[in-house]
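To start, the structure itself, in structure tokens.
Derivation of every value follows stated rules applied to the coordinates shown; laboratory data play no part. All values reported here derive from a predicted model rather than from experimental measurement. Glycine also receives a Cβ, built like all others from the backbone with ideal geometry; neighbour counts cover every protein chain displayed.
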Amino acid sequence: MSIELIRAHYGFSRAPFGKDIPPQALHPYRGHSEATARISYCIAEKMIGVITGECGSGKTVAARAATSALDASRHTTIYLGTPGVGLRGMYASIVTALGGMPRFHRAALIPQTQELIATEHAERGKSVVLVCDETHLVDAEVLEGLRCLSNDGMDAESRFSMILLGQPTLRRRLHLGSLVALDQRVGLRYQVAPLDLAECGSYISSHLRFAGRADTLFSEDAVALIHQVSRGLPRMVNNLCVQSLVATFSAGKAIVDESAARAAVAEVSAE
Ligand SMILES: Nc1ncnc2c1ncn2[C@@H]1O[C@H](COP(=O)(O)OP(=O)(O)O)[C@@H](O)[C@H]1O
Ligand SMILES: [Mg+2]
């Protein structure tokens, strides 16, 4: 079934429930706003923050919202999105992002990374913001390496901020003995709350509005079922909504009702 047919059926100007939503079109549900505010605070105060939440709860989106609002002449944001690269890979990504050529030996790479972060501040007046995503999958060794970067050797002025994003297991991992030094430096923690029922309704409406439909397209009972099955997790809400739109289109209907939402649930849980 072509996405074009669906678009035409509903009169969407763009495909709804997509990933690429500009910051100003994001839905400010409580979990999103609170996570974004905390990330901004950590950056302003040059702290380490830990943002946890279930898969698809909106962590990466919140970090993107917070960093895209920064004054680019005063911040350099480095996004570390590949958790499996290891300690060398992580340092090398930071060095490369700061315009350096990563030194070969680890013993040289650590001071090089620290120096570049300090230089970025001292010479360009920019403070580095490290966003480490999927941190629940990052090795303890790499986490320890990140902590080293925030070490006392650097003067207070050049300190940088570090935002660790990850699934809820990250919180427990940080409490483990080997990571206690990092855990103690964490200045702020927040667990992203899922959408409640009312937020789920307005979340769906806001995605539809962004796609060009400002009127009511989902019935209340369809929203209630989608909220229940998704447990309020935005990515899951998106998947169920897309499937519901397809089911409604196939049934030749105009409004997404509960039976369409049920068909969507069956589709998604069969995957
Ligand atoms: N504030 C928001 N407004 C609109 N859509 C959102 C918002 N937050 C999350 N989403 C949607 O949910 C999806 C999953 O969010 P994401 O941040 O990738 O989750 P996580 O990083 O927690 O796994 C995004 O691709 C986006 O479509
Ligand atoms: Mg993510």
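Observations, loosely collected:
- Stretch gain in nm, segment residue 15-residue 104, where the contour uses 0.36 nm per residue and the Cα spacing is subtracted: 27.5 nm
- At 1.567 mPa s and 4 °C, Stokes diffusion of the chain via Kirkwood alpha-carbon radius, µm² per second: 64 µm²/s
- Residue among 23, 146, 91 farthest towards the positive dipole end of the chain, charges placed on Cβ: 91
- Over every Cα atom in region 1-155, the radius of gyration and the widest Cα-Cα span, Dmax, amount to 18.5, 62 Å.
- By the count of other C-beta atoms within 10 Å, a proxy for reagent exposure, 5, 174, 164 are ordered fewest to most as 5, 174, 164.
- Distant-in-sequence amide contacts of residue 162, defined by a placed amide H-H separation under 5 Å and a gap of 5 or more residues or a different chain, comprise 47, 48, 49, 130.
- Sparse-neighbour loop sites [chymotrypsin sites (Phe, Trp or Tyr not before Pro); region 1-92; at most 16 other C-beta within 10 Å; DSSP]: none
- Per-residue Karplus couplings for region 31-40, computed as 6.51 cos²θ - 1.76 cosθ + 1.60 with θ equal to phi - 60°, are listed in order as x, 5, 5, 5, 5, 4, 4, 5, 4, 4 Hz, Gly and Pro entered as x.
- Restriction of the GluC sites (Glu not before Pro) in region 1-85 to DSSP coil positions whose beta-carbon has at most 13 other beta-carbons within 10 angstrom yields 45.
- The phi torsions of region 54-66, fed into the Karplus equation with coefficients 6.51, -1.76 and 1.60 and a -60° offset, translate into couplings of 4, 4, x, 8, x, 5, 5, 4, 5, 5, 5, 4, 5 Hz, rounded to whole numbers, with Gly and Pro shown as x.
- Net charge over other residues, Cβ less than 13 angstrom from the Cβ of residue 254 (K, R count +1; D, E count -1): 0
- Between the listed residues 208, 184, 53, the Cα displaced farthest toward the positive end of the dipole of the chain, a dipole computed from Cβ unit charges relative to the Cα centre, is found at 184.
- Sorted peptide list for 261-268, 57-64, 232-239, criterion being average Cβ within 10 angstrom, highest first: 57-64, 232-239, 261-268
- Sequence-distant residues sharing a close amide H with residue 76 (under 5 Å, placed H): 127, 128, 129
- Taking Cα centre as origin and charging only the Cβ of basic (Lys, Arg, +1) and acidic (Asp, Glu, -1) residues, the dipole magnitude of the chain rounds to 260 debye.
- Residue-wise HN-Hα couplings along region 238-246, as the Karplus relation 6.51 cos²θ - 1.76 cosθ + 1.60 with θ = phi - 60° gives them from phi, are 4, 4, 5, 5, 4, 4, 5, 5, 5 Hz; Gly and Pro carry x.
- Net charge of neighbours whose Cβ lies under 11 Å from the Cβ of residue 225, counting Lys and Arg as +1 and Asp and Glu as -1: -3
- Here the residues 175, 27, ranked from fewest to most Cβ neighbours within 10 Å of their Cβ, fall in the order 175, 27.
- Helix 106-124 axis, angle to the chain major axis (alpha carbon atoms, nearest 10°): 80 degrees
- In the chain, the longest principal axis of the Cα atoms and the axis of helix 86-97 are about 90 degrees apart.
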